[in-house]
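Read the figures in this text as sums done on the coordinates, not as results from a lab. Just so it is clear, the structure is predicted and the values come from calculations on it, not from any experiment. Positions of Cβ are generated from backbone atoms using ideal geometry, with glycine treated the same way; all protein chains shown enter the neighbour counts.
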Amino acid sequence: MSNRLLSSSTPIRLILLLSALALSALTASPAWSQGHAGDWPGHNFLGGDYRHFPATSFAPHDECRNACMADPKCRAATLVPAFVQGLTPVCWLKDSDFNIVADSSMNSWLKPAYSTAVSNENRLGGDYHSIEFTNPQHGVTECRTYCEQDPRCTAFTLVDAGLQAAGAMCWLKETTPAASMAPGCHSGLVYERQSFTGGSSTASEVFLPNVNLPGMDYADFDVASNDYRDCYAVCAQDPGCRAYTYVRPGLQGAFGHCWLKTGVSAQVADSNTASGIIR
């Protein structure tokens with residue numbers, strides 16, 4: 001949600017391990033106290049945004065959460081309350097690194113794959129260690145904890161008791177295999193160990209070739225050099241600029257054309273444009 005992505009050095013893994021204790025001490029807003037997997041009431045996930053929109057339904061929390069669930073690109077979301085960034089709440093969808101910041105006015109949500117596990121899903125391959133749980137009370141939470149505590153582990157799969165052994169089997173993985181349906185399996189990922197960005201990425205920008213970000217424009221100008229990097233440079237120097245789209249010469253005039261944007265809209269494939277999201 002900020003104009004720049006903060007450092008990803010915040011130990012998200014450690015925060016996830018302590019989340020149960022931390023959340024129990026918070027006063028959650030009623031709409032986010034229903035026990036949904038991945039709920040982070042009273043927290044802002046700062047950075048990593050690729051799209052935002054006004055949440056106009058009577059249940060903005062559900063609208064924001066459902067938008068993230070419906071988009072394979074989305075990993076997490078933050079809902080900003082009404083009258084902070086507009087008359088309605090604003091939902092920010094995230095697909096890359098973010099920092100977790102305590103903020104009683106905000107509500108955030110992490111997809112189940114990164115907070116607990118996805119049921120009936122296997123990630124076949126990449127295994128380097130397995131643990132059989134002889135205690136029948138041990139399951140997804142314990143398997144995730146083993147994975148998060150091992151820097152080598154990027155993903156895990158828990159197999160229900162009786163399928164591979166008498167107890168549940170926890171498989172730790174050093175890669176992130178593709179997900180597939182598998183009854184009795186439960187798979188999860190460690191958020192900060194995933195690679196998210198589809199385009200090229202630097203510390204200050206996510207560059208999206210052949211992508212248009214329509215709308216949310218606040219300024220535009222010709223680029224006499226016909227170099228998209230001049231469009232990026234102007235956006236990067238303006239604290240109000242969140243993204244830009246550069247249009248190649250000959251479409252909106254003799255020169256290239258730059259559109260500066262206050263937000264990040266849905267991406268549209270367009271071979272005549274190049275866009276960037278400022279971190």
Extended-chain gain in nm, criterion 0.36 nm per residue less alpha-carbon gap, Ser180 and Ser57 | 41.0 nm
Could you work out the relative contact order of region 31-186, using alpha carbon pairs under 8 angstrom and six or more residues apart, expressed as a whole percent?
-> 24
Region 25-173: projected area of the alpha-carbon convex hull, averaged over directions, in nm² | 10.1
Sort region 205-278 into rounded, prolate or oblate with this rule: let a ≥ b ≥ c be the square roots of the eigenvalues of the Cα gyration tensor; rounded if a/c is under 1.5, and if a/c is not under 1.5, prolate when a/b is larger than b/c, oblate otherwise.
-> oblate
Bounding extents of region 106-195 in its principal axis frame from Cα atoms, largest first in Å, are 42, 27, 26
Two-site FRET efficiency, Ala254 against Ser130, from Cβ-Cβ distance with R₀ of 51 Å, rounded to 0.05 | 0.20
Nearest-0.05 FRET efficiency for Ser104 and Leu163, computed from C-beta distance (R0 35 Å) = 0.20
Give, to the nearest whole percent, the P(r) tail of region 38-110 beyond 14 angstrom, counting all Cα pairs.
-> 52
In whole Å, what three semi-axes, largest first, describe the equivalent ellipsoid of region 136-279 built from its Cα gyration tensor (square root of 5 times each eigenvalue)?
-> 47, 15, 11
